Amino acid sequence: MDFRFDEEAEELRGRARAWLAEHLVGPYEEAVGLGGPGSEHEGVEIRRAWERELGREGWIGQGWEADGYGNQRLSLTGQVVWAEEYAAARAPARVGHIGENLLAPTLIAYGSAEQRARFLPGIARGEELWCQGYSEPGAGSDLAGIRTTAVRDAGRGADGLFRVTGQKIWTSLAQDADWCFVLARTGAGSVRHRGLSFLLVRMDQPGKVEVRPIRQMSGTSEFNEVFFDGAVAAEVVGGEGNGWSVAMGLLALERGVSTLVQQIGFAAELERVVRAYVDAGAGDPVLRERLVRQWAELRTMRWNALRTLGTAGAAGASGGDPGAPSVAKLLWGGWHRRLGELAVEVRGAVATAGPGHWSQGTPYEIGLDEEQRLFLFTRADTIYGGSDEIQRNIIAERVLGLPKESS
């Protein structure tokens, strides 16, 4: 494949670069580099303001198969260019990612005209933030095992609202979100994939929705537990009982252009680790070989992501390789975890201790440097977002046609 960008793409690149340079000033300049996996607790308020800044200029919703919501539509190539420039500028990590890239395309594909009119404008303006209510204790990678239930509000009639009761876990950004899309069991006595519905729940329901941050070994708390106690679900997307199909459709949208943004961040982390290796004397040939391998694998991941995006774009919305998202997750999850290990190995024994300013009562994360944070957080990369085992099962069953695992 030809991985070069044409003149139109390069013109957009210049426009995107100029816009980011012009707007990443003042308080936004202080937010450069904030947020992202492992750091979602950083600068939430200024990142929310930045989200609205993006919305005013139409940079949200570039890839939606719908317009008229204040979003500027870009081709797949254009989205890649914008994503690369955004990452290169180290613009603040997006707090609106879940609404823009997961919920909005799902509403466009499965929602009603009324639901699109209600929710897409708020996402496009950067004003309403979303979180995802999928995983539960005992039902993470095995999503079909969820136990959260939703029943019709008896006082509302057959077309009334649902009341949701149950627990979700590992919910990113739940403490800041306005809304949550929740996969819940609406079919009484249903099991596994049947009887599920895709519901939209407002988070601001005192006494009905409770968010509890989960403190991690790195000391941060970007993940949460969410408890629903009769919370009102305002909307059902895709029809009652069709939640599994909608949920799987959403997951297919989860890994796309954003993968390339992620890889630019990976490149910056790798550069930092290489610099630490050089500063330490660059004397270990085994570490040098591993660093070279990391560089080569990162380049390969980029080419694979571009190839996959190009194939999906050529095939249309329903086309593309069904195993591509799983392959991408396997590649970057293992790569990033190995980088975290290298980050501490190149520094030797000093990496196992704090930089010396810990004291009693000081939060654990204050004593960690960037490489230590990288090591700790990347231990989870092969688990969250679908474990390696689940990704291999998907590839085996949906791509290679192997028999399903016996239950």
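Per residue of the range 231-240, in order, report the coupling 6.51 cos²θ - 1.76 cosθ + 1.60 (Karplus, θ = phi - 60°) as ³J(HN,Hα) in whole Hz, putting x for Gly and Pro.
Ordered by residue, 3J(HN,Hα) equals 5, 7, 9, 6, 9, 10, 9, x, x, 4 Hz.
Could you point to the residue in Ala87, Phe119, Trp130 farthest towards the positive end of the range 26-155's charge dipole, with +1 and -1 charges on the Cβ of Lys/Arg and Asp/Glu respectively?
Value computed over the given set: Phe119.
Straight-line reach from Lys168: which lysines fall under 20 Å, measuring Cα to Cα and dropping same-chain residues less than 8 apart?
Lys208
Under the classification rounded if a/c is under 1.5, otherwise prolate if a/b is larger than b/c and oblate if not, where does the range 194-308 fall, given a ≥ b ≥ c as square roots of the Cα gyration tensor eigenvalues?
Values: a/c = 4.27, a/b = 1.96, b/c = 2.18.
Judged from the Cα gyration tensor, the range 194-308 comes out oblate (a/c at least 1.5, b/c at or above a/b).
Using a Gaussian network model of the chain whose springs link C-alpha atoms within less than 10 Å, name the residue from Gly26, Gly207, Gly133 with the highest mean-square fluctuation.
The residue that fluctuates most here is Gly26.
Which GluC sites (Glu not before Pro) does the range 46-131 hold that lie in a coil by DSSP with at most 16 other beta carbons within 10 Å? Display every interim value, and only then the final one.
Values: sites: Glu51, Glu53, Glu57, Glu65, Glu84, Glu85, Glu100, Glu114, Glu127, Glu128; in loops: Glu57, Glu65, Glu127, Glu128.
Sparse-neighbourhood loop GluC sites (Glu not before Pro): Glu57, Glu65, Glu127.
According to a simple spin-label model (label point 7 Å from Cα along Cα-to-Cβ), what is the distance in nm between Asp279 and Ser245?
With each label placed 7 Å out from Cα toward Cβ, I get 5.6 nm.
Efficiency by 1/(1 + (r/R0)^6): what FRET value for Lys404 and Arg299, r their Cβ-Cβ distance, R0 = 41 Å, to the nearest 0.05?
Efficiency at R0 = 41 Å is approximately 0.70.
At a 1.4 Å probe, what is the % contribution of carbon and sulfur to the accessible area of the range 28-96?
Its accessible area is 43 percent carbon and sulfur atoms.
Please compute the length gained on full extension between Val191 and Ala267, using 0.36 nm multiplied by the number of residues separating them and subtracting their Cα-Cα distance.
23.0 nm is the gain from fully extending Val191 to Ala267.
Using a Förster radius of 30 Å, what is the FRET efficiency between Ile383 and Glu7 based on their Cβ-Cβ separation? Nearest 0.05, please. If you can, show how the numbers build up before the last one.
On the way: r = 43 Å, r/R0 = 1.44.
For R0 = 30 Å, the calculated efficiency reads 0.10.
Tell me the trypsin sites (Lys or Arg not before Pro) within the range 1-67 that lie in a loop according to DSSP and have at most 12 other beta-carbon atoms within 10 Å.
Listed in order of number, the matching sites are Arg4.
Give me a comma-separated list of calculated 3J(HN,Hα) values for the range 21-28, in order, Karplus coefficients 6.51, -1.76, 1.60 applied at θ = phi - 60°, integers in Hz, x for any Gly or Pro.
Computed from phi, the couplings for the range 21-28 are 5, 6, 9, 7, 10, x, x, 5 Hz.
Can you tell me the accessible area per residue over the chain, all protein chains present, probe 1.4 angstrom, in square angstrom?
Value returned for the chain: 48 Å² of accessible area per residue.
If each of Ser221 and Val350 carries a label point 7 Å out from its Cα toward its Cβ, how far apart are those two points in nm?
Here the modelled spin labels are 3.3 nm apart.
With +1 on each Lys and Arg Cβ and -1 on each Asp and Glu Cβ, and nothing else charged, work out how big the dipole of the range 108-249 is about its Cα centre, in Debye to the nearest 20.
That gives the range 108-249 a dipole magnitude of about 340 debye.
The values are calculated or read from the model by the stated rules, or taken from the named source; none is laboratory data. These numbers come from a predicted model, not from an experiment. Every residue, glycine among them, receives a Cβ derived from its backbone with ideal geometry; neighbour counts consider all protein chains shown. Only protein heavy atoms, including side chains, enter the accessible area calculation; ligands, DNA and RNA are left aside. Shrake-Rupley method; radii C 1.70, N 1.55, O 1.52, S 1.80 Å.
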